[in-house]
Structure formats: C-alpha cells, structure tokens
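Below: one structure, written as structure tokens.
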Number of protein chains: 4
Amino acid sequence: MTFGLKLLVYYAEMCRNRARLKTALAEAAVGKISGAVGTFAHLPPDLEEEVCERLEIGFEPASTQVVQRDRHAALICVLSLIAASLEKFSVEFRHLARTEVREVEEEFGAGQKGSSAMPHKRNPWRFENVTGLARVMRGYAVAALENGALWHERDISNSSVERVIFPDSTATLDFMLTRLAGLVETLVVNEEQMRANLDLTRGLAFSGTLLLELTEKGLSREAAYALVQRHAMDTWDKGGDYRDRVLADPAITETLSKEEIDRAFSLDQSLRHIDAIFDRTLERCDEPSSEGSKS
Amino acid sequence: MTFGLKLLVYYAEMCRNRARLKTALAEAAVGKISGAVGTFAHLPPDLEEEVCERLEIGFEPASTQVVQRDRHAALICVLSLIAASLEKFSVEFRHLARTEVREVEEEFGAGQKGSSAMPHKRNPWRFENVTGLARVMRGYAVAALENGALWHERDISNSSVERVIFPDSTATLDFMLTRLAGLVETLVVNEEQMRANLDLTRGLAFSGTLLLELTEKGLSREAAYALVQRHAMDTWDKGGDYRDRVLADPAITETLSKEEIDRAFSLDQSLRHIDAIFDRTLERCDEPSSEGSKS
Amino acid sequence: MTFGLKLLVYYAEMCRNRARLKTALAEAAVGKISGAVGTFAHLPPDLEEEVCERLEIGFEPASTQVVQRDRHAALICVLSLIAASLEKFSVEFRHLARTEVREVEEEFGAGQKGSSAMPHKRNPWRFENVTGLARVMRGYAVAALENGALWHERDISNSSVERVIFPDSTATLDFMLTRLAGLVETLVVNEEQMRANLDLTRGLAFSGTLLLELTEKGLSREAAYALVQRHAMDTWDKGGDYRDRVLADPAITETLSKEEIDRAFSLDQSLRHIDAIFDRTLERCDEPSSEGSKS
Amino acid sequence: MTFGLKLLVYYAEMCRNRARLKTALAEAAVGKISGAVGTFAHLPPDLEEEVCERLEIGFEPASTQVVQRDRHAALICVLSLIAASLEKFSVEFRHLARTEVREVEEEFGAGQKGSSAMPHKRNPWRFENVTGLARVMRGYAVAALENGALWHERDISNSSVERVIFPDSTATLDFMLTRLAGLVETLVVNEEQMRANLDLTRGLAFSGTLLLELTEKGLSREAAYALVQRHAMDTWDKGGDYRDRVLADPAITETLSKEEIDRAFSLDQSLRHIDAIFDRTLERCDEPSSEGSKS
C-alpha cells in the first residue's frame, strides 16, 4: 500500500474523532440553576434556560444538585479514544523508524545528540512518548466511568476525581496532539528506503494477486494456493526472485500469459484505485455527520 | 424532591444513552471489501459500496485489512456508559431499600425465602447484582480502548480480545437491562414511608428555603445563615420541630410573617415547578438529537 | 455486630496492605549498572552489586537498559489496592453518617458552616473525598499494567507514563491516608444511636439465632424457617415486637423454653466471642508474615 | 546482547511472578465459618480454625459475612501482572519475527497454510493472540479492584462480578501460559539471521563502547561524543563500515591503538560477563524469596 493511504486512514479516523468530540462537548456543556435537589424551589425553570442561552450552553432538562455525570464520562471516553488513535499512529511510525525499516525518521536537529549510550542511534522517542501517554489517558476514562453513581441527589465524591481527571486528561491530550502534529509536520520520509524494502520481498508482496489471477482462470483455490505457496516458500527459504520462479513454472504459464503475470506483479495495477479512495474519503471528512452513511 | 423527579432524571439519562448507542452502532456497522491492505487491488471501490448498501450498513471510506477499531472501541465505551447509568440507578434503589429507609422494595414473591441466615430480611440482591456487573463492563471498555493500535495494516491481536468482549459485553448489558427493567416494573413503592422519612427531618428539609426568604427580605447571607443554622443544629441535636423553633424566634418573625414562614415550609411551594420539568424533559427525550440544544 | 469488630476487620486489612506494600517496595527498590543493553559491556557485575549494597537497595539480577517494569506495576497495583481499602472504609462511614442512621459523624468544628444550601446538614464530605480518589488510583494501576511491554531492550514509552503515575499515585494515596487517619481520630461515634438503630429492628436482628435454636431442637430447617419468617414478616409489615410474637406462638414455645428464647435474643450471647476475635487478629497483625498461615 | 540473555530476563520475571502468585494464592485461600456478620454467634472460633486446618487453608482472622475481598483483588492483580509479562515476551517475539528481522519464527507445519490472502507470509498469530488477551486480563483487574467496597457486613454485588472474573481470568491466563509455553518450545530460532542483522549495523553497535574507551584515555565526553557520532552519522547516511571510518581517523588512532579499537569492536569482549549474569540469576530464581535481596 502507499504511505499516503496509511495517512489517509489516520486522517479519516481523526475526522471521526472530531465528530465524536463535537458531540461530547455539546453534551457536557450544559448548565443548571435548579437548586439543591433540582426542584427549582426558589427560581423558575425559565430563568435557567435564559441564563444558559446567554452563556451559549445547553441546560440540563432534569437535574439534581448537579449536572448528571454521564455527560462528563462520555467526554472523557472520547478524549481517551482520541489518545488511542494517536497511540496507533505513533506505534506505526515507531515501526517505520526501526533500524531495519527506516522508512521514516523523527527530525534530528544538526546539533542534537543521539542516544547517550549509542551515539549512532536516532530513537523515535517523541513517538514513544505519545504511545505511553495513551495508557495514562485510559486510566482517566476508568475513573470517569466510575464517577456517575453518586448517592441521592448528589454526593461530592465526583469532585475529588474531577479535580484530577479534568485538568490532567485535557492537558495530556493537548500535549499529545501538539507533539504528534509537530512530529508529522517535520517527519523525514525516506521514499527510496520504502521502495528498497518493497524490493526486499523479491516479488512476494504480489503473491495474493497472482493467486486471484489463477483462480479467475478457473483453477480451484486449493490448486492455485498450492502453486503460489510453493514458490513463495522457496523464495522465502532459498532466496531468488519470486517472479522468476513463477515464470519458470509451466503449471502457471500454461494458465497465465506473460502479460497477465506482469500485470499481477505490477505496482501500478495494485494501486490503481488509490485516488478514488482519497476522493471518497476526503469528501466525507468534510461532512463528518454523513460519513459512512447509507444513502 | 419527588420520587417521580428522581425517575425522570434517570429517564433523561437513558434518552441520552439511546442517542449515544444509535450513533455508536451506526459508526460500527460498516463493512469493507478492499482487500488485504485496503488498496482494492482486486475489486473496485464501487462494488464495496454497492454490497454495503444492500446489507444496509455503511462502508469504511479508507480501510486497511480491517475496519478500523476505533469504531468498536467507541461502541464498547457507550455500552459501558449505559452500564454505569444502570449502576447509578441501582445504587439509589439500594439506598432507598435499606432497613432504615424502606421507601422502595424489590418485589418479594409469596413463597420466596428471604436471606438464608436472616429470615426477616429482604435484600435488594437483584439491584446489587446490576451494580456489580457495571464493574465488569468497565473492564471491557479498558480492553476495547487498547485494541486500536494494531501493527501495520493489521495484526490479529484484536481478534482474541473481541472474541471475549463483543459477546460478553453485549450479553452482560442485555442481562442488566432486562433485569433492571423487570425490577422497576414490579418495584414496591412505599409512599407513606417516603412521607414519614420526610417528617423525620422535623422541618429541617426546608432550612434552605427559609434562608433564601430571609435574604430576600434584606438580611445579609451571613446573618440569615447564622439564624437558620442555630435552630437547625438545636433541632438536630435536641429534637423538637424546626418550624416551631423558627416561629418562636423574634429575630426571624420580625422579618418574616407567619404566612411567609408557612410558605417556606410548604411542600407544594417547593414542588410547584415539577410539572414544568417533566414537560420540558419529555418533550426533549422524544427528539434526543435536539436535547439540551441552544436554539 | 459491634462497631469495634467492624474497625478490627479494617485493621486486619491494613495489616495485609502493610505486608503487601513492604514486599512491593522491596521488589521495586532495585538498581542496575549493566549498561545500555544489560550485558555489562563496560563494567563488571560485582560493581553493580557493591553499589546497590551501599545504597541499601537490591540489584536487578538480569536487566536490559532498565530495571524491568513488572516491579513497578506490582507496586502501583498495591497502592491501588490500599486505596480500594480506604474506599471501603469510607463508604461504610458514609453509610453510618446518613441522616437516617447517624451512628457516626465527621467532626464538625464550632464555627464551621454546614451545607451551603441546607444549613442543617453535616455532610461526610471528607469521606466522600476519599471514596472518589480510589477511582483515580485504579486508573493509575491500569496505566502501570500496560507499561511493561517495552520494545527490545527498552523503549522510552514507559517514561512519560511514570512521570505522571509515580508522583500522582503516591501523592494521592498519601493524601487519602492522612485524611482518613485524621477523620478516624476525630470521629464522632454515637453509641446511643447505635443502640436505638438496633432496637428499630424490634428483635428481628435475632431471627437467625432463633432459627438455629429451633433446628438444634430437632425441627427441620424448612419448618423452622417457615415459623421464624412468618413472624418476621408480620413484624416487618404490621409493626410490634418480634420477640413478643415469638413468645406468643405455641408452635415455638413447645420447642423452646422461655430461657432458651431469651438467650436467642440476647446481645451478650451473640457477642460472646468478640474478645477472642480481637485476640487472634491482633496477635497475627503484629506478625503479618504468618497471618492466616496453616501451621 | 545475546538471545539467551533476553530469555534469561524473561525467566527472572517469571520467577518473580511465581513468587507473587504463591503469596497471593495463600492470601486468598482462607475460609471462615463466623456466621452472618462475623461474630461467631452460633459457633466458636476454634471450630473455624480446625476446619480450615483440615482443608489446608488459612482462616480469616476477622471477617464479616464473607472473606474480605482485598484478598481476591490482590490475586487478580497478580494474574493480570503475569498476563502483562506474557504480553511483553510476545511483543518481543513478534518484533523478532517480522519480515525485515526474521530472527525467530513460529513453527509452521508442513501442511499448514500461510496467510489466506498472502500465501508467502507466516504470521506470528499465536504471539499476537497472547498479546491481545493481556488487554482482557487488565479489564478483570479493574473489576476486581472495584469489588472491595461492599456495603456493611456484605452486599452481594461482588458475587456477580466474581462469577465472571474468577473463571474468565483464570481460564484466560491458563490458555495464555499454555500457548506461550508451546510456542517457546517449538520456536524456530535463526542464528544466522541474528548474526546478519548485527552485521547490518556495520559496526555501529559498538559505538558506545568506543565512546567509553576514548573517555578512559582522557578525552572529554563532549570531544569523544563528537568524534564517535560524526563517523556514526556518516556510516548511517552514506554507508560503508563504521570500524573502517574509525581506523582512518587520526584523531582517534592517536588516542587508541589498533588493538584497543579491535577490542572495542569485539563481540566476545562485550559479552564476557554473560555467564556471570546467568549464574547469579539462576541461583536466585531457585530461591525466589531471597531474589534481589540485600545481604
């Protein structure tokens, strides 16, 4: 697949997260002036509605002494979901930055030191940093999900929790977002290395396509799989080029022409729909509410 | 407050949960036929869209080998949020069913045994049951939130998790919902005991209203608080009726007439807005999408 | 049961927690000077052992670049366990401080205000505070349990997590312990109210004892249960004193003498083993390592 | 480092886990026959102690209606810690099994199919499986940590939780242990590939050793780092062999002799303490109780 498609998948996930956050923020941004047990003993409901309108927030239609805490739990869950997305992207970038892969690197300033013990190493430590913080964010979600069952019209046990998790979860996620955005903006992308890594598979990346071409010509899946796998295993274990092995096997060439085999091993052929994926995804991300909808 | 208002608060919370669930189910109900790495190497995107439309599900605009797992994590978080709501309601019913409170009771069949060791006791064990299961549901949310960061275009580590948490979280929540619905339908509500418990406070429940009446007449909040609290503490510590103590204090009666004091101690007065709260809440629950909105 | 026994159960739990903490601290207090990948490429193992001995900590027998993180996860789990114990105690004190129960109260300073909206109320807000923080502590345990699977000889993802959860979990638990200790030291215990609440059950608290006395005299458990429960339910529903109802039932008095019935309703009889429980528990708590052991 | 040392680190971690499990099992394996509220109203404490002794379990010195749940929470935390260790090992094996690394492989039966879509691929799916289940295990720990705060001498809310988490956590961990043990026993270890991967770094793996040798000869750390890093970066960016670059730099050779440089690049020299690490670790694992102790 292309590196761009990888990023597009992430972009689409962040569009979903933006929509989730918008919903959750609207749910949590409500006020109440309904008194100590929610009965409006001293003030009329109209006043609450007017005040909330002026503050440009919603109002809690039926409240106790407090706005109900499911609203806040839903919000912290969304913050934790976003953190899990950032973790996912960072884990992938860490993989791509490994010594053996080296498809991307964190930007490395001219005067910057590498690893203290191993001067040649450029660790993706900022990505690791983002990965770790997602674990902390999950902890805040656990606390938020426990925070709803207040006794009677309220007890104050939610308060001590919220003094920790509201500032800590929002500040942590803000840090993660800022850091990851900076990392992506300055990311060093080694296109040549991507191509080289693809070539390392000596054609094996196209075995799935070859399998399907064979079955489309009438071979049973079992027979096709056996053919395709045998050469794949030989390439894997003994080296050599997969396409060469395939072209040398009459059992395959009597079913597929050289042109058909070439097409099965063609990157352009495999990636011909990438632009269409981009089009349909970006179109939807501009209108998150209709994303993935049925009609 | 009224018992009905308590239930209305819960009803409104379940309306929010219904809206959350609807959104999360739509997000999770998407399909993909984009191949092993999401590139549509063998089939065109149009086909995926057509198949998903026939299945009446959405499609994943940009996918890898799998539909992205943030969709499922969001859903399990919502299931866990719903469980936390049921926990909250059950904790309250457990409180109201205590020996010292007895405002509600779980229905107790004629032939049913009570506690094995204490035959007179009717434990709210089904409510306790629902309370406990919310803890298990939070555990599934933790696992779901960790399940997004698959390596590359997929690893299969999510699969073992989902084989546990998909059936277990949905079956557990279904059980909780069914059980709690049954409990509420057959709940024994002791209206007389509610009134008796209110009377137990010997008027103290109206101290807040009295405080506000005094301040509206021009007393500083400090002065009013001192007056109101002194009699409250005496009532609390020495017994007697709070209203009687208040009526016997010239410092209060020179500010408030007997009619005004009567009004401060009137339940009807305190509850005069209950119907309005019901109206505005039920109206909104019928259209959850506009609930608490600004315009 | 007695209030003292309740506290003894908590005391025994804290003895277990102390033993757990001691073990976990010893496990976590280890050092390493084995180099960037744990091979002692530059220094001999002896030096590590000597340095750690001087620091009065253990050493990590086989390490990578870092001390292995299962040690720290075990410690944070213990901190979270202790927090859960404090939550348990606080929940019980909150129950006992309820308006309808009032067996204990948080100390309330002479000049201290009560609830702002309800001047007569003395909320157990510090106990609620401790209850809430246990939720936050569970979140740190989740993060710690995720922190072990570092890549290769280390990645640095654990570091960002530990910068949050090490100070936050230890400071939070310290606050909880200090607060709860202070609350218990100054707790207002209403002995008379305890007795009054016991009397509220009008003898029903002894129904279990009566049941056993009947079965010891040869009645089948079913027959005894039916007898005992019928009067219990009548007492519960219609009022009156349970013991009076029992004494008036020939089906019971022909099995049990008045003395035997008196004994069944005797608090002294029920509590005759309390001192023995204290003795055996305190003896064990002084030597936590042998607590509950078999020989 | 050596592959054996990697495994030794895991072995030592499992020794710690064994000790933790032993302690936690002993803590949880206690009984009680102290009656409905823990007062021994009907039976003497001696009887409880005698019965528990015959059952070869401990007894709960001070109990309520139930054995206190901190004991079970401590046990489930340990099960979750063990699962986190298995996750850590599996993540490492997954890394080592990557196409670009290939130092280990899951055994692949002769007749076994590879990936359905990509016949050449041998996915480490069993390791992925173990990784995933650790997430589920963390969820059970969350539920267990919430399960202690029962109301009064017991409520039954812990029961519904334990019916899920006791069988599910023990069965899941048993599966994980069995699966991982089987994987390790049949693991395909590619020693040649390990050597080849090491050579891929073209000597860079020894940069840290070189740095220390230079500073031992009196160079400031800054000066030595600058020298060492410059050649490391050139090797990284332009190819070539790191040792050759070092030997060609007079600024280095005037400080270190060829023999000293050879020693810095010697694997034998780097690994000379491995046997000692094995000795001291295995010695301690046989007596886990004294592991890492100070004297």
Point-charge dipole on Cβ atoms (K/R +1, D/E -1) for the stretch D:76-213, about Cα centre, debye to 20: 400
Per residue, how much accessible area does chain B show when a 1.4 Å probe rolls over the protein heavy atoms, in square angstrom? 41
Filter on C:K88/D:K32; C:K6/D:K32; C:K6/D:K22; A:K32/B:K88 - keep pairs with C-alpha separation over 26 Å: C:K6/D:K22
Note to self, the protein assembly as shown gives a 222 nm [θ] from helices alone (DSSP H runs n ≥ 4, -39500 (n - 2.57) apiece, / all residues, nearest 500) of -20500 deg cm²/dmol
If C:H152, C:H95 are ordered by their accessible area, calculated over protein heavy atoms with a 1.4 Å probe, which sequence runs from highest to lowest? C:H152, C:H95
A drop of at least 50 square angstrom in accessible area, chain alone versus all protein chains together, probe 1.4 Å. Which residues of the stretch B:53-83 meet that? B:F59, B:P61, B:A62, B:Q68, B:D70, B:L81
With charges set only on the Cβ (+1 for Lys and Arg, -1 for Asp and Glu), what does the dipole of chain D come to about its Cα centre, in debye to the nearest 20? 820
As an exercise, take the mean of 1/r over every pair of distinct alpha carbons in the stretch C:203-295, invert it, and state the Kirkwood radius in angstroms. 15.2
Ignoring ligands, DNA and RNA, please state the percent of accessible area on the stretch C:170-243 from carbon and sulfur, probe 1.4 Å. 54
Where in the stretch C:139-159 does accessible area fall by at least 40 Å² between the isolated chain and the complete protein assembly, at a 1.4 Å probe radius? C:V142, C:L145, C:E146, C:A149, C:W151, C:H152, C:E153, C:I156, C:S157
Please give the residues of the stretch C:183-215, grouped as numeric ranges, whose backbone N is less than 13 Å from a label point set 7 Å along the Cα-to-Cβ vector of C:F3. C:184-198
So for the stretch B:1-95, averaging the separation of alpha carbon pairs under 8 Å that are six or more residues apart and normalising by length, what relative contact order in percent results? 33
Among the DSSP H helices of chain D, those whose Cα atoms extend at least 27 Å along the helix axis and whose mean Kyte-Doolittle hydropathy is -1.0 or higher are D:3-28, D:70-96, D:125-145, D:157-185
Average other protein chain Cβ within 10 Å of Cβ, residues A:266-273: 3
For chain B, set up a GNM with springs between Cα atoms under 10 Å and report which of B:L81, B:L210, B:L47 has the largest fluctuation. B:L47
At a Förster radius of 25 Å, what calculated FRET efficiency corresponds to the Cβ-Cβ distance of B:F166 and B:W125, to the nearest 0.05? 0.30
Computed over chain B: relative contact order in percent, which uses C-alpha pairs under 8 Å that are six or more apart: 18
If all Cα-Cα distances of the stretch C:103-262 are sorted into 5 Å bins from 0 onward, what percent lands in each bin, rounded to whole numbers? 1, 7, 11, 10, 8, 7, 7, 8, 9, 9, 8, 6, 4, 2, 1, 0
Hey, what's the Cα Rg ratio for the stretch A:214-267 versus the globular rule of thumb, 2.2 N^0.38 Å? 1.08
Relative contact order for the stretch B:141-252: what percent, with Cα pairs under 8 Å and sequence separation of 6 or more? 18
For chain B, what D do you get in µm² per second when you plug the Kirkwood radius from alpha-carbon pairs into Stokes-Einstein at 37 °C and 0.692 mPa s? 136
Taking every residue of C:211-220, the Cβ atoms of other protein chains inside 10 Å of its Cβ average out to 1
Got a number for carbon plus sulfur as a percent of the stretch D:1-90's accessible area, 1.4 Å probe? 62
Out of every Cα pair in the protein assembly as shown, what percent are spaced more than 59 Å from each other? 24
For D:R98 the rounded accessible area (nearest 10 Å², probe 1.4 Å, non-protein molecules ignored) is 20
homo-copy label distances at C:I57 (7 angstrom along Cα-Cβ), nm, one dp, ascending, are 3.9, 4.5, 5.1
Largest fluctuation, B:C15, B:C52, B:C285 only, Gaussian network model of chain B with Cα springs under 10 angstrom, belongs to B:C52
Those GluC sites (Glu not before Pro) from the stretch A:26-77 that are DSSP loop and have at most 13 other Cβ neighbours within 10 Å turn out to be A:E56
Listed residues B:L75, B:M1, B:A29: farthest to the positive end of the dipole of the stretch B:1-156 (Cβ charges): B:M1
Nearest 100 Å², what total accessible surface is buried between chain B and chain C (probe 1.4 Å)? 3100
With a 1.4 Å probe and all protein chains kept in place, how much accessible area does B:L187 have, in Å² rounded to the nearest 10? 30
Is there a simple number for the mean count of other chain Cβ atoms within 10 Å of the Cβ of residues in D:160-170, and what is it? 4
Prolate/oblate/rounded label for the stretch C:1-160 (Cα gyration tensor, a/c 1.5): prolate
For the stretch A:173-295, build the charge dipole from Cβ charges (+1 Lys, Arg; -1 Asp, Glu) around the Cα centre, then report which of A:L267, A:N197, A:I252 sits farthest towards its positive end. A:I252
With all protein chains present and a 1.4 Å probe, how do D:S85, B:S266 order by accessible area, largest first? B:S266, D:S85
Once you order the gyration tensor axes a ≥ b ≥ c over the Cα atoms, which shape class does the stretch C:20-69 get: rounded for a/c under 1.5, otherwise prolate or oblate by comparing a/b with b/c? oblate
Note the distances from C:S266 to each other copy's matching label point, with points 7 Å along the Cα-to-beta-carbon direction, in nm, sorted shortest first. 5.8, 8.8, 10.1
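The values are calculated or read from the model by the stated rules, or taken from the named source; none is laboratory data. These numbers come from a predicted model, not from an experiment. Methodologically, a virtual Cβ is constructed for each residue, glycine included, from the backbone with ideal geometry; neighbour enumeration extends over all protein chains shown. Keep in mind that these areas ignore ligands, DNA and RNA; they rest on the heavy atoms of the full protein, side chains included. Shrake-Rupley method; radii C 1.70, N 1.55, O 1.52, S 1.80 Å.
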